[in-house]
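Q: Please see the structure below; I have some questions.
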Amino acid sequence: MRRILTLLAGTFLLLGGTRIHPFQYEEYEKGTLSIYFMEEKVGYEEFTWRRDNTGAELTVEGRITKPVEMTVEEMVIRMDPDFIPTAFRFIGSVGGVEQDVESVIDQGEVRTTIRVGGQEQMSTGQIRRDAVLLPNPVFSPYMVICKRFRCALKESRELSAYIIPQVETTFALHPNEESPCILVMEMGAAQIELVTDEYGQLNGLSIPVQQLRVVRD
């Protein structure tokens with residue numbers, strides 16, 4: 001299912017000589033991703049994307065059984081209007097262990113609280129301000145890269161990914177020579193191919209070295 005709604009209103013409204021809401025923008029998208037490992041369907045993710053003048057929010061729920069067992073009861077990533085992450089929340093289980101991870105991000109400083117098995121651990125770290133949050137192994141957050149670049153990437157870029165809440169790593173993003181709507185990520189030994197469109201939808205993802213493939217239903 002594909003559904004995307006974009007509302008644009010660029011008219012200056014005047015009431016009693018006062019300008020009210022000169023520009024309003026809202027983007028809404030909802031869909032489902034199917035996840036395949038070694039060509040076997042092993043899970044799904046249902047996502048909702050919302051964006052307006054104040055920022056963007058991606059919410060995800062789903063389940064995967066291979067190569068690691070994980071249930072996403074709720075995952076939320078919040079960003080400012082420039083796709084800079086400001087907050088993260090994960091509630092679910094990994095390998096059968098219940099987890100609750102909450103992060104607040106301000107100018108690259110990450111303050112994280114992890115709750116596992118009745119224990120709570122807090123930590124503080126520093127990442128690049130524009131790092132993309134990529135919780136592993138959740139695939140919907142790759143949508144942020146698609147939304148940011150769509151089919152308009154003209155030359156290679158060096159970017160940063162925060163495999164929240166573990167480690168930050170750099171990656172190179174290349175345009176595909178044959179199709180501008182295919183973005184190729186090089187992250188260490190892994191190459192990740194993202195298929196997008198002019199709306200920035202995540203229509204497909206593949207990681208050949210891990211035998212993982214994600215398609216939009």
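The values are calculated or read from the model by the stated rules, or taken from the named source; none is laboratory data. Treat the numbers as computed from the prediction; the structure is a model and nothing was measured. Positions of Cβ are generated from backbone atoms using ideal geometry, with glycine treated the same way; all protein chains shown enter the neighbour counts.
Yes/no matrix, rows are residues, columns are (1) acidic (Asp, Glu); (2) under 26 Å from Arg150 (Cβ atoms):
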residue	(1), (2)
Tyr36	no, yes
Glu39	yes, no
Glu57	yes, yes
Arg63	no, no
Lys66	no, no
Pro85	no, yes
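Q: Condition first: in contact (Cβ under 8 Å) with a residue 40 or more places away in the chain and part of a strand (DSSP E or B). Now tell me which residues in the stretch 161-180 satisfy that.
A: Taking the stretch 161-180 and keeping what is in contact (Cβ under 8 Å) with a residue 40 or more places away in the chain, we get 162, 164-165, 168.
Hits for the stretch 161-180 are Tyr162, Glu168.
Q: Hey, could you check the stretch 81-101 for residues that are outside any strand (DSSP E or B) and under 13 Å from the mean Cα position of the chain (by Cα) and say which is nearest to Gln121 (Cα to Cα)? Break it down stepwise before answering.
A: First, the residues of the stretch 81-101 that are outside any strand (DSSP E or B): 81-84, 95-96.
Adding the requirement that they be under 13 Å from the mean Cα position of the chain (by Cα) leaves 83-84.
Values: Phe83: 28, Ile84: 25 Å.
Among those that are outside any strand (DSSP E or B) and under 13 Å from the mean Cα position of the chain (by Cα), it is Ile84.
Q: Same structure again: Being touching an Asp or Glu at 6+ places or on another chain (Cβ under 6 Å), at pLDDT 95 or above and buried (at least 16 other Cβ atoms within 10 Å of the Cβ): is that true of Arg63 here? So that I can check it myself, show each step before the final result.
A: Numbers: touching an Asp or Glu at 6+ places or on another chain (Cβ under 6 Å): no; at pLDDT 95 or above: yes; buried (at least 16 other Cβ atoms within 10 Å of the Cβ): yes.
Taking the combined requirement at face value, the residue does not satisfy it.
Q: Of all residues in the stretch 194-206, count the ones that are without any contact (Cβ under 8 Å) to a residue 24 or more places away in the chain and surrounded by 16 or more Cβ atoms within 10 Å (Cβ to Cβ).
A: Count: 3.
Q: Starting from the stretch 126-142, take each residue that is at negative phi and of a type outside the set (A, V, I, L, M, F, W, C) and list its partners that are part of a loop (DSSP other than H, G, I, E, B) and buried (at least 21 other Cβ atoms within 10 Å of the Cβ), counting only C-beta distances under 8 angstrom and pairs at least six apart or across chains.
A: Pro135/Ile164; Ser140/Leu202; Pro141/Leu134; Pro141/Pro135; Tyr142/Leu134; Tyr142/Leu202
Q: A further question follows. Would you pick out the residues in the stretch 181-193 that are assigned to a loop (DSSP other than H, G, I, E, B) and either at pLDDT below 95 or loosely packed, with under 15 Cβ neighbours inside 10 Å (or both)?
A: Residues of the stretch 181-193 that are assigned to a loop (DSSP other than H, G, I, E, B), as a first pass: 181, 188-189.
Scanning the stretch 181-193 gives Gly188, Ala189.
Q: Give me a count of the residues in the stretch 138-167 that are of a type outside the set (A, V, I, L, M), crowded, with 18+ Cβ neighbours inside 10 Å and either modelled with pLDDT under 95 or more than 15 Å from the chain's Cα centre (by Cα) (or both).
A: Residues of the stretch 138-167 that are of a type outside the set (A, V, I, L, M), as a first pass: 139-142, 146-151, 154-158, 160, 162, 165-166.
Remaining after also requiring crowded, with 18+ Cβ neighbours inside 10 Å: 139-142, 146-149, 162, 165.
So of that shortlist, the ones also either modelled with pLDDT under 95 or more than 15 Å from the chain's Cα centre (by Cα) (or both) come out as 165.
Qualifying residue count for the region: 1.
Q: Which condition does Phe149 not pass, out of (1) over 30 Å from Gln99 (Cα atoms); (2) touching a Cys at 6+ places or on another chain (Cβ under 8 Å), if it passes all the others?
A: So the condition that Phe149 fails would be (2).
Q: Further, regarding this structure: Which of the residues that make up the stretch 45-60 are in a strand (DSSP E or B) and touching a residue at least 24 places away in the same chain (Cβ under 8 Å)? Even if it seems obvious, please write down each step before you answer.
A: At the first step, the residues of the stretch 45-60 found to be in a strand (DSSP E or B) are 45-52, 55-60.
Once the filter is applied, which keeps residues that are in a strand (DSSP E or B) and touching a residue at least 24 places away in the same chain (Cβ under 8 Å), the stretch 45-60 yields Glu45, Phe47, Trp49, Arg50, Arg51, Asp52, Gly55, Ala56, Leu58, Val60.
Q: Does Lys66 satisfy the condition of being part of a loop (DSSP other than H, G, I, E, B), in contact with a Phe, Trp or Tyr (Cβ under 9 Å, 6 or more places away or on another chain) and touching a residue at least 12 places away in the same chain (Cβ under 8 Å)?
A: Considered against the rule, which asks whether it is part of a loop (DSSP other than H, G, I, E, B), in contact with a Phe, Trp or Tyr (Cβ under 9 Å, 6 or more places away or on another chain) and touching a residue at least 12 places away in the same chain (Cβ under 8 Å), Lys66 comes out as yes.
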